[in-house]
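Encoded as structure tokens, the structure appears first; notes follow it.
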Amino acid sequence: YPEPSRAVVIDLRAADGRDFGVPAAEVDEWQRRLRTVHHLGAYSTGEFTMRGIGDPRVVRVALVRGEFFECLGTRPARGRTGEGASDGWVAVTERLAGQLTGDRDPLGQAVTIGDGNYVISAVMPDEFAFPSDEIAAWLPSSAHTALGFGERPDARSYRLIARLRPGTSLEQASGDASRILHEIRPIKDARDPNARKFEAKAVVTSLESVLTGRVRPVLAALAAAAILVLLVACANVASLLVGRAVAREHDAAVRLALGAGRRHMIRSAFAESLCLAVASSLLGAWLGAALMRLFVGLAAGVLPRLGEVAIDLPFLAASALVGFLVALVCGAAPALHAAKGDLTPVLRAASTTSRPAR
């Protein structure tokens, strides 16, 4: 979603901690009164039978109201949604469109959902996936009667979603929403003798937090573990390369004494380190891809949106860059030091201490 920091969800929370929804009739009132948001919409979900194209199937549908799509800022892959579409519209995911019509254009095709007739007016990209991965279609909230929710406009409650105005904080939006809540509810419950006992507050949460739930600490722990493993691996590689360079100090001195150029020695050390860096990076990338599939299988039911877990190319490039730097610096630095140093002490020490060995 573009500018995700401005996309928020507004929850209405009772004094006992339970969340409650907003009747459809109140959504327009919220949209008119809120001052801290640029767009405001609402959504509710349910499962219904879709017929008309292919075999009947049960699909999870989101009923949307107001500026739902404007709040998220995602454009359809094809077609138009909301006010830009004709009455009786339905938007479907690319996946569902492919299942319904195959290679044919789904736009303009008629379908029946519940007891209502609709025309596919838009195809949303599969990665849109809001409010959950299971949603396959979006309908206007006016369809609630045809879906079996009755004639009353408040027969279905909705959750509010909004796009904040630039420079607005979550605290400012929460205060504004709480004010609206206590302005609207007394108006609605004016004939209720217990209206003054109505206690609730509005909580504004970033869309990112809603989508990922409480998984951020888990992801932070995984990232910290990955960085720690990378640092340990770099330290091990550095120790091995420096130790190998010290063990080969006499070899380097002999080659220089026999006429090998210093530039040639440094270039040779760089070539060896480069081979090590390339081979280890390729092996690490292969292991990462294999273990990622294992991780996704083990984390099923623990982490949300597992279908989006994949190898992150910028992170992979950063890890490979660290590996290259460690291999090159720790492999070539001793050669550079030996090429600039005095060879006589090394050759003299080797001539008095060397002994045959396998």
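The values are calculated or read from the model by the stated rules, or taken from the named source; none is laboratory data. Keep in mind it's a predicted model, so treat the numbers as computed, not measured. Backbone-built Cβ (ideal geometry, glycine too); neighbour counts: all protein chains shown. Heads up: the accessible areas ignore ligands, DNA and RNA and are worked out on the full protein's heavy atoms, side chains in. Shrake-Rupley method; radii C 1.70, N 1.55, O 1.52, S 1.80 Å.
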> What nm distance separates the two modelled labels at residue 28 and residue 220, each placed 7 Å from Cα along Cα→Cβ?
Replying inline: 4.4 nm
>> Largest first, please: the extent of the C-alpha atoms of the range 29-134 along each principal axis, to the nearest Å.
In response: 46, 26, 26
>> Pairs of alpha-carbon atoms within less than 8 angstrom and 6+ residues apart define the contacts here; what relative contact order does the range 1-60 have, in percent?
In response: 16 percent
>> Which trypsin sites (Lys or Arg not before Pro) in the range 1-72 sit in a loop by DSSP (not H, G, I, E or B) and have at most 15 other Cβ atoms within 10 Å of their own Cβ?
In response: 18, 35
> Taking only C-alpha pairs under 8 Å that are 6+ residues apart, what is the relative contact order of the range 20-100 in percent?
Replying inline: 24 percent
>> Which log10 I(q)/I(0) values does the range 260-308 give at q = 0.19, 0.31 Å⁻¹ under the Debye formula, counting every alpha carbon as one identical point scatterer?
In response: -0.70, -1.02
> Points 7 angstrom from Cα along the Cβ direction at residue 302 and residue 47: gap in nanometres?
Replying inline: 2.7 nm
>> If you average the C-alpha positions of the range 27-46 and of the range 75-143 separately, how far apart do those two centres end up, in angstrom?
In response: 22 Å
> Using the Cα atoms as the points, what is the convex hull volume per residue of the range 14-53 in Å³?
Replying inline: 144 Å³
> What order do you get for 221-230, 91-100, 170-179 when each peptide is scored by the mean count of other beta carbon atoms within 10 Å, highest first?
Replying inline: 91-100, 170-179, 221-230
> For the range 238-310, which whole percent of the accessible surface, found with a 1.4 angstrom probe, sits on carbon and sulfur atoms?
Replying inline: 69 percent
